[in-house]
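Participant: Sending over a structure as structure tokens; questions will come in a sec.
The values are calculated or read from the model by the stated rules, or taken from the named source; none is laboratory data. What you see is a predicted model; the values in this text were computed from it and never measured. Heads up, the Cβs are rebuilt from the backbone with ideal geometry, glycines too, and the neighbour counts pull from every protein chain shown. Quick note on the areas: whole protein, heavy atoms, side chains included, nothing else; ligands and nucleic acids left out. Shrake-Rupley method; radii C 1.70, N 1.55, O 1.52, S 1.80 Å.
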Amino acid sequence: MTLILGVETSCDETAAAVVADGRLMLSNVVASQIELHRQYGGVFPEMASRQHVLAIMPVVEQALRDADIGWEQVDALAVTRGPGLAGSLLVGVNAAKGMAWARGLPLAPINHLEGHVYSNWIEAEGNRPDKRFPLLVLIVSGGHTELIAMHGHGQYERMGGTIDDAAGEAFDKVARLLGLGYPGGPAIQKAAMHGDPAAFALPRARPRGPYDFSFSGLKTAVLRKVQKVEGDESERRKLTPGRGLPEAFIADMAASFQQAVVDVLVDKTLAAADAIEATEICVCGGVSANLVLRRVFRERSSKPVSIPPLYLCTDNAAMIAAAAYYRFQAQETTALDFDVAANLSLSQHPFPVSNIKHI
Ligand code: KG4
Ligand code: ZN
């Protein structure tokens, strides 16, 4: 059994986890900074880095304690190298390098997006760990919306993605327009529960690429409707002074917006899965925690759909440790002189090229 300790600090969660053989999660600790950033309406990068500095070692120690293991049982380390906020990434990468050096353990730098992909391999409810390639992967997070044909471990072919905002970004921006808090995804989902998804006819953009997405027009359409309510004399009279937008409007708009995003994500993903004759669809990233998205995928797909449990959809370190297992399986390791890569893409090897060593 190979035990990997994963570390993740790419954005606003300080996380560490221990995973056995890329599948069995022995611990998964996430220290969220949501409360800290809520007052700014989004992630404040320098505050995020400083909070990671404070939290990283207690979180690592907790991950070992929860797994009920000591350092001598850890076989290797893994850390997110990018994409993400450079200052946040640096904290995790430096901490992981220090631990690897002190303990004489190999360290795998991991692409955060590859981590999200491998959240589907962890044994947990909603996942289907025994997989046959090719797989169709939809990554939907705060920074990314991508459709990937996965032909083998570490083999990704990008079929399309967003040409403007990521789906999670659209949730966050629309939540702000509606006066709902941060993070926007869960806030919209909650408000939408009391709304009518057919109340507003919002656009379903069809960009030229068959597997591309566009969400900025949708966001603008919501903005126009909000401005109309706020600016229109007859509409404004319906508002309670000082209370902002009417609750019924917020609920209907949240539900209509959520439905529009879900419709395009599911439609294009199913079409892409058919095009590559995928054996299965794997959905991952923060937006895959959305309950309507999860339900609609299962209703509309004739292929099996793997969607991790909610705690593995949003950022965590178990997914980083799981992804690292397959990098080590491929006999790959690297020296400790690698930098963070804030814009790392899935098509790039997560290790600095000159440093790849075969063990
Ligand atoms: O993967 P993630 O935790 O961080 C990134 O790598 O970006 O994704 C965060 C994104 C945020 O935009 C957040 O609003 C969205 O995931 N999100 C959701 C839900 N939970 C989180 N979006 C829609 N519905 C949700 N329930
Ligand atoms: Zn993420």
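Condition check ((1) small (Gly, Ala, Ser); (2) more than 29 Å from Phe257 (Cα to Cα)) across all residues:
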{"site": "Arg300", "(1), (2)": "no, no"}
{"site": "Ser306", "(1), (2)": "yes, no"}
{"site": "Leu310", "(1), (2)": "no, no"}
{"site": "Ala317", "(1), (2)": "yes, yes"}
{"site": "Ala324", "(1), (2)": "yes, yes"}
{"site": "Gln331", "(1), (2)": "no, yes"}
{"site": "Gln348", "(1), (2)": "no, yes"}
{"site": "Phe351", "(1), (2)": "no, yes"}
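Residue by residue, here is whether (1) part of a helix (DSSP H, G or I); (2) within 13 Å of ligand 1 (Cβ to nearest atom) holds:
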| site | (1), (2) |
| --- | --- |
| Asp274 | yes, no |
| Val283 | no, yes |
| Ser288 | yes, yes |
| Arg298 | yes, no |
| Asp315 | no, yes |
| Tyr326 | yes, no |
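Participant: What tally of residues in the stretch 42-80 results from selecting those that are at pLDDT below 95 and closer than 23 Å to Thr2 by Cβ?
Facilitator: 0
Participant: Take the residues in the stretch 132-152 that are crowded, with 17+ Cβ neighbours inside 10 Å and in a loop (DSSP other than H, G, I, E, B); name whichever of them is nearest to ligand 2 (Cβ to nearest atom).
Facilitator: The residue in question is Ser141.
Participant: I would also like to ask the following. Could we say that Asp267 is open to solvent by 40 Å² or more (accessible area, probe 1.4 Å) and not hydroxyl-bearing (Ser, Thr, Tyr) here?
Facilitator: Yes, satisfied.
Participant: Here's a follow-up. Which condition from (1) within 16 Å of ligand 1 (Cβ to nearest atom); (2) assigned to a helix (DSSP H, G or I); (3) not assigned by TED's automatic domain parsing to the domain that holds Asp21 is the one that Ile320 breaks?
Facilitator: That leaves (3) as the condition not met.
Participant: Of all the residues that make up the stretch 104-119, how many are of a type in the set (Ser, Thr, Tyr) and within 11 Å of ligand 1 (Cβ to nearest atom)?
Facilitator: 1
Participant: Spot the failing condition for Gly179; the list is (1) over 30 Å from Glu277 (Cβ atoms); (2) over 15 Å from the mean Cα position of the chain (by Cα); (3) open to solvent by less than 50 Å² (accessible area, probe 1.4 Å); (4) modelled with pLDDT under 95, and only one is missed.
Facilitator: (3)
Participant: Only one of (1) outside the structural domain of Val59 (by TED's automatic domain parsing); (2) in contact (Cβ under 8 Å) with a residue 24 or more places away in the chain; (3) away from ligand 1 (no atom under 16 Å from the Cβ) fails for Asp337. Which number is that?
Facilitator: Asp337 satisfies all of (1) outside the structural domain of Val59 (by TED's automatic domain parsing); (2) in contact (Cβ under 8 Å) with a residue 24 or more places away in the chain; (3) away from ligand 1 (no atom under 16 Å from the Cβ) except (2).
Participant: With the requirement that a residue be within 16 Å of ligand 1 (Cβ to nearest atom) and hydrophobic (A, V, I, L, M, F, W, C), what does the stretch 300-313 give you?
Facilitator: Within the stretch 300-313, Ile307, Leu310, Leu312, Cys313 meet the criteria.
Participant: Of the residues that sit in the stretch 153-170 and are within 16 Å of ligand 1 (Cβ to nearest atom) and open to solvent by 40 Å² or more (accessible area, probe 1.4 Å), which one is farthest from Tyr118 (Cα to Cα)?
Facilitator: Among those residues, the one meeting the criterion is Asp164.
Residues are listed down the side, and each one gets a yes or a no for (1) at pLDDT below 95; (2) within 25 Å of Ser306 (Cβ to Cβ); (3) open to solvent by less than 50 Å² (accessible area, probe 1.4 Å); (4) small (Gly, Ala, Ser):
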{"site": "Pro186", "(1), (2), (3), (4)": "no, yes, no, no"}
{"site": "Ala198", "(1), (2), (3), (4)": "no, no, no, yes"}
{"site": "Arg208", "(1), (2), (3), (4)": "yes, no, no, no"}
{"site": "Tyr211", "(1), (2), (3), (4)": "no, yes, yes, no"}
{"site": "Ser214", "(1), (2), (3), (4)": "no, no, yes, yes"}
{"site": "Ser256", "(1), (2), (3), (4)": "no, no, yes, yes"}
{"site": "Glu280", "(1), (2), (3), (4)": "no, yes, yes, no"}
{"site": "Leu291", "(1), (2), (3), (4)": "no, yes, no, no"}
